[in-house]
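First the structure, in the form of structure tokens, and then the observations on it.
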Amino acid sequence: MTTKAIKILQKNKKGYVLIVESGRIDHAHHAGNAYGALTDTIELSKAVQAADDLTNDSDTLILGTADHSHVFTIAGYPVRANQILGKVKETDGKGGNKGFSLAADNLPYTN
Ligand SMILES: [Zn+2]
């Protein structure tokens, strides 16, 4: 969508302003969906790259900003290299892991 928008707007000799929003990052954060927030952030990065590829730095300003933010919380005390979207594996305190960490309901939980 960013590429198409720029190609259309570049026909205007007076210049243009284009605002590209990636609101699904926020929706994912509100839903506690880390996967959605991370993957949509990657998509926003691709949109910025597309805009940079199609424009000239001498006459184009690309800004990245947010209207608000959310924290990205890591739950529990996972072992090093625990998959960010996986279930928390508990450390044994000696560099190994003791298997899945369990919540109060005796079930494993995600980071
Ligand atoms: Zn929000």
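Just so you know, all these numbers are worked out from the coordinates, no wet-lab data involved. Note that the structure is a prediction, hence the values are computed from the model and not measured. Positions of Cβ are generated from backbone atoms using ideal geometry, with glycine treated the same way; all protein chains shown enter the neighbour counts.
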Checklist entry - Taking the alpha-carbon centroid of each part, what is the distance from the range 1-65 to the range 66-103 in angstrom? => result 31 Å
Checklist entry - Could you give the nm distance between label points at ALA75 and ASP53, where each point is 7 Å from its Cα heading toward the beta carbon? => result 3.7 nm
Next on the checklist: Springs between alpha-carbon pairs under 10 angstrom, Gaussian network model over the chain: which of GLY64, GLY93, GLY36 fluctuates most?
Outcome noted: GLY93
Checklist entry - Which loop-located chymotrypsin sites (Phe, Trp or Tyr not before Pro) does the range 29-111 contain, where loop means any DSSP state but H, G, I, E or B and the Cβ has at most 14 other Cβ atoms within 10 Å? => result PHE72, TYR109
Next on the checklist: With angles folded into 0 to 90 degrees, how steeply does helix 34-54 sit against the dominant principal axis of the chain? Use alpha carbons for both and round to 10.
Outcome noted: 30 degrees
Checklist outcome for this item: For GLN10, placing the label point 7 angstrom along Cα-to-beta-carbon and taking the range 42-67, residues whose amide nitrogen sits under 15 Å are 48-61
Item to check | Counted charge near LEU54, where neighbours are those whose Cβ lies closer than 15 Å (Asp, Glu -1; Lys, Arg +1) | outcome: 0
Next on the checklist: Suppose the Debye formula is applied to equal point scatterers at every Cα of the range 1-63; what is log10 I(q)/I(0) at q = 0.22, 0.25, 0.29 Å⁻¹?
Outcome noted: -0.87, -1.01, -1.22
Next on the checklist: Tell me which trypsin sites (Lys or Arg not before Pro) from the range 61-111 have a DSSP coil assignment and no more than 11 other beta carbons within 10 Å of their own.
Outcome noted: ARG80, LYS94
Next on the checklist: Of the candidates ASP67, ASP92, ASP52, which one comes out as most mobile in a Gaussian network treatment of the chain with C-alpha springs shorter than 10 Å?
Outcome noted: ASP67
Checklist entry - How far apart, in nm, are two points set 7 Å out from the Cα along the Cα-to-Cβ line at THR41 and at ALA103? => result 2.2 nm
Checklist outcome for this item: Under Stokes-Einstein, the chain at 25 °C and 0.890 mPa s, with its Kirkwood radius over C-alpha pairs, diffuses with a coefficient in µm²/s of 143 µm²/s
Next on the checklist: Show me, for the range 61-74, the HN-Hα J-couplings you get by feeding each phi into the Karplus relation (A = 6.51, B = -1.76, C = 1.60, θ = phi - 60°), rounded to Hz, glycine and proline as x.
Outcome noted: 10, 10, 10, x, 8, 9, 8, 6, 9, 9, 6, 10, 8, 9
Checklist entry - Any idea what the relative contact order of the range 2-54 is, in percent, if you count C-alpha pairs under 8 Å spaced at least 6 apart? => result 40 percent
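DSSP loop (so not H, G, I, E, B), at most 10 other Cβ within 10 Å: list which trypsin sites (Lys or Arg not before Pro) in the range 1-73 pass both filters.
Those that pass, being in a loop and sparsely packed, are LYS11, LYS13, LYS14.
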